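S.K.: There's a structure below that I have some questions on.
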Amino acid sequence: EKIGTNDLIGPESLVTSTTHDGVMFAALGDGRVVRIKVNAKDDTIGWTTLIRTGQVEGSADECGTGGPSDETDMEAICGRPLGLLLVQRSTVDPNFEGTEEDALLVADSYKGLLVV
């Protein structure tokens, strides 16, 4: 079954949470990183945008689909997250104090390494 037709555009990377059942994160061709959640009660799937790795003034619709077939030429502005990795926050944030939590590392071809 294909999910996210016309919204989850050009997925490049997918990582599953080790601490939350049914939760995944995807890097998309239009610069977004989304959280995908499977509802165990009725097997429905939903997603929310966490971030767009680039900066967009005006409408996010301007970001197109990314990739070689995208004619909007907005990829460098909108971002292009290519890889994801879940790590413990204390391993990437030396100032982190408190209860350990996951941090999502995003490798973006224009913006570099980001921590979400």
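The values are calculated or read from the model by the stated rules, or taken from the named source; none is laboratory data. Keep in mind that what you see is a predicted model, and the values were worked out from it rather than measured. No Cβ is skipped: glycine too gets one built from the backbone with ideal geometry, and neighbour counts run over all protein chains shown. Note: areas computed on protein heavy atoms with side chains; ligands, DNA, RNA excluded. Shrake-Rupley method; radii C 1.70, N 1.55, O 1.52, S 1.80 Å.
S.K.: Could you work out how much longer the chain between Thr5 and Leu85 gets when fully extended? Use 0.36 nm per residue separation minus the Cα distance between them, nm to one decimal.
M.R.: 26.4 nm
S.K.: OK, next. As an exercise, use a Förster radius of 22 Å and the Cβ-Cβ distance of Glu100 and Leu14 to find the FRET efficiency, rounded to the nearest 0.05.
M.R.: So the FRET efficiency works out to roughly 0.40.
S.K.: Okay, moving on. Projecting each Cα onto the charge dipole of segment 3-116 (Lys/Arg +1, Asp/Glu -1 at the beta carbon, about the Cα centre), which of Thr18, Gly54, Ser109 comes out farthest on the positive side?
M.R.: Most positive-ward Cα: Thr18.
S.K.: Moving on to the next point. Give the lysines whose C-alpha is closer than 26 Å to that of Lys2, dropping any in the same chain fewer than 8 places away, or say none.
M.R.: The qualifying lysines are Lys37, Lys41.
S.K.: Counting pairs of alpha carbon atoms under 8 Å apart in space and at least six apart in sequence, what relative contact order in percent does segment 61-116 give?
M.R.: It rounds to 29 percent for segment 61-116.
S.K.: Looking at [x] 104; [y] 122; [z] 159, which value of volume of the Cα convex hull per residue in Å³ comes from a calculation on the structure shown?
M.R.: [y]
S.K.: Rolling a 1.4 Å sphere over the protein heavy atoms, what is the accessible area per residue of segment 13-116, to the nearest Å²?
M.R.: Spelled out: the 1.4 Å probe surface of segment 13-116, per residue, equals 60 Å².
S.K.: Leaving ligands, DNA and RNA out of it, rank Glu100, Glu75, Glu1 by accessible area with a 1.4 Å probe, largest first.
M.R.: Glu1, Glu100, Glu75
S.K.: Let me spell out the model: positive unit charges on the Cβ of Lys and Arg, negative unit charges on the Cβ of Asp and Glu, origin at the Cα centre of the chain. What dipole size does that give, in debye rounded to 20?
M.R.: That gives a dipole near 200 debye.
S.K.: Here's something else I'd like to know. Accessible area of Asp21, 1.4 Å probe, to the nearest 10 Å²?
M.R.: 140
S.K.: Taking all protein chains in place and a 1.4 Å probe, what share, in percent, of the accessible surface of segment 4-116 do carbon and sulfur account for?
M.R.: 50
S.K.: OK, next. Over the chain, what relative contact order in percent results from Cα pairs under 8 Å that are six or more residues apart?
M.R.: Relative CO of the chain lands at 21 percent.
S.K.: If we sort 28-37, 4-13, 80-89 on the protection proxy, mean other Cβ atoms within 10 Å, highest first, what's the order?
M.R.: Result, highest mean first: 28-37, 80-89, 4-13.
S.K.: Rounded to the nearest 500 deg cm²/dmol, what is the calculated helix-only ellipticity per residue at 222 nm for the chain, with -39500 (n - 2.57) per DSSP H run of length n ≥ 4?
M.R.: After summing the helix terms and dividing by the residues of the chain, the value is -500 deg cm²/dmol.
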